[in-house]
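Notes to accompany the following structure.
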Amino acid sequence: MIEIVNKFEKWIYALLMIMLMLVLITAVVDLAWVLVKSLTDDISPWLLESHEMIQVLGGFLLVLIGVELLDTIKAYFLENSIHVEIVVLLAIIAIARKVILLDPSELSGADFGIELVGIGVVIVGLSAGYYLIKKAGIRVGPGMPMQEKSG
């Protein structure tokens, strides 16, 4: 029964990898389209305005998150181990994307301040976790947590 579950799990990961590759292809095409459209507009050709720059940077970070997620799934597929540091790094990149795309005009002053404090707490927590994971060399594999040799 365990063998069937393991095979099923591998199939799910394979399907996730294929779907994520399709999402990444469309995200890159969309990013290229936005970049070309922004650089060739009539108002300011070959210059990006601030809202266009934010949109392009957000697209780049989204593609970067997708590539790192694909790498995480690939590592699990090949090694049957989760690289915890990559998952935490993905979360840090996602928060950085949130900060870049943050529009202060959408929220009132107090709500915006509360959101910034929350983002700050998350960044500090993720950064501390990433530091501790890198320092300890922790990786989770099949069975129980493992510790890599640190050089």
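The values are calculated or read from the model by the stated rules, or taken from the named source; none is laboratory data. Values in this document were obtained by computation on a predicted structure and should not be read as measured data. Positions of Cβ are backbone-derived with ideal geometry, glycine not excepted, and every protein chain shown enters the neighbour counts.
Let's see how each residue does on (1) charged (D, E, K, R); (2) assigned by TED's automatic domain parsing to the domain that holds Asp103; (3) not in a loop (DSSP other than H, G, I, E, B):
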residue	(1), (2), (3)
Ile4	no, no, yes
Glu9	yes, no, yes
Leu16	no, no, yes
Ile25	no, no, yes
Val28	no, no, yes
Ser38	no, no, yes
Ser44	no, no, no
His51	no, no, yes
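Can you name the condition, by its number, that Arg97 falls short on among (1) exposed (fewer than 15 other Cβ atoms within 10 Å of the Cβ); (2) modelled with pLDDT of 85 or more; (3) of a type outside the set (A, V, I, L, M)?
Result: Arg97 fails condition (1) only.
State which residue pairs qualify: first residue within 24 Å of Leu102 (Cα to Cα) and inside the stretch 41-53, second residue surrounded by 11 or more Cβ atoms within 10 Å (Cβ to Cβ) and among the polar types (S, T, N, Q) in any location, beta carbons under 6 Å apart, and separation of 6 or more residues or different chains.
Leu48/Ser38; Glu52/Ser38
Please specify each residue of the stretch 1-42 satisfying the condition of being among the aromatic types (Phe, Trp, Tyr) and touching a helix residue (DSSP H, G or I) at 6+ places or on another chain (Cβ under 6 Å).
In the first step, residues of the stretch 1-42 are kept if they are among the aromatic types (Phe, Trp, Tyr); the result is 8, 11, 13, 33.
Residue satisfying the conditions is Tyr13 alone.
Let me spell it out: the conditions are (1) under 24 Å from Val122 (Cβ atoms); (2) in contact with a Gly (Cβ under 9 Å, 6 or more places away or on another chain), and Val34 meets all of them except one. Which number is the exception?
With (1) under 24 Å from Val122 (Cβ atoms); (2) in contact with a Gly (Cβ under 9 Å, 6 or more places away or on another chain) applied to Val34, the lone miss is (1).
Within the bounds of the stretch 45-63, is there any residue that is exposed (fewer than 15 other Cβ atoms within 10 Å of the Cβ) and among the charged types (D, E, K, R)?
Among the residues of the stretch 45-63, at least one is exposed (fewer than 15 other Cβ atoms within 10 Å of the Cβ) and among the charged types (D, E, K, R), which makes the answer yes.
State whether the residues of the stretch 135-143 include one that is surrounded by 15 or more Cβ atoms within 10 Å (Cβ to Cβ), in contact with an Asp or Glu (Cβ under 8 Å, 6 or more places away or on another chain) and at pLDDT below 90. Let's see the steps before the verdict.
Going residue by residue through the stretch 135-143, those that are surrounded by 15 or more Cβ atoms within 10 Å (Cβ to Cβ) are 138-139.
In the following step, the residues that additionally are in contact with an Asp or Glu (Cβ under 8 Å, 6 or more places away or on another chain) were identified as 138-139.
With the extra rule that they be at pLDDT below 90, the set shrinks to 138-139.
Yes, because at least one residue in the stretch 135-143 is surrounded by 15 or more Cβ atoms within 10 Å (Cβ to Cβ), in contact with an Asp or Glu (Cβ under 8 Å, 6 or more places away or on another chain) and at pLDDT below 90.
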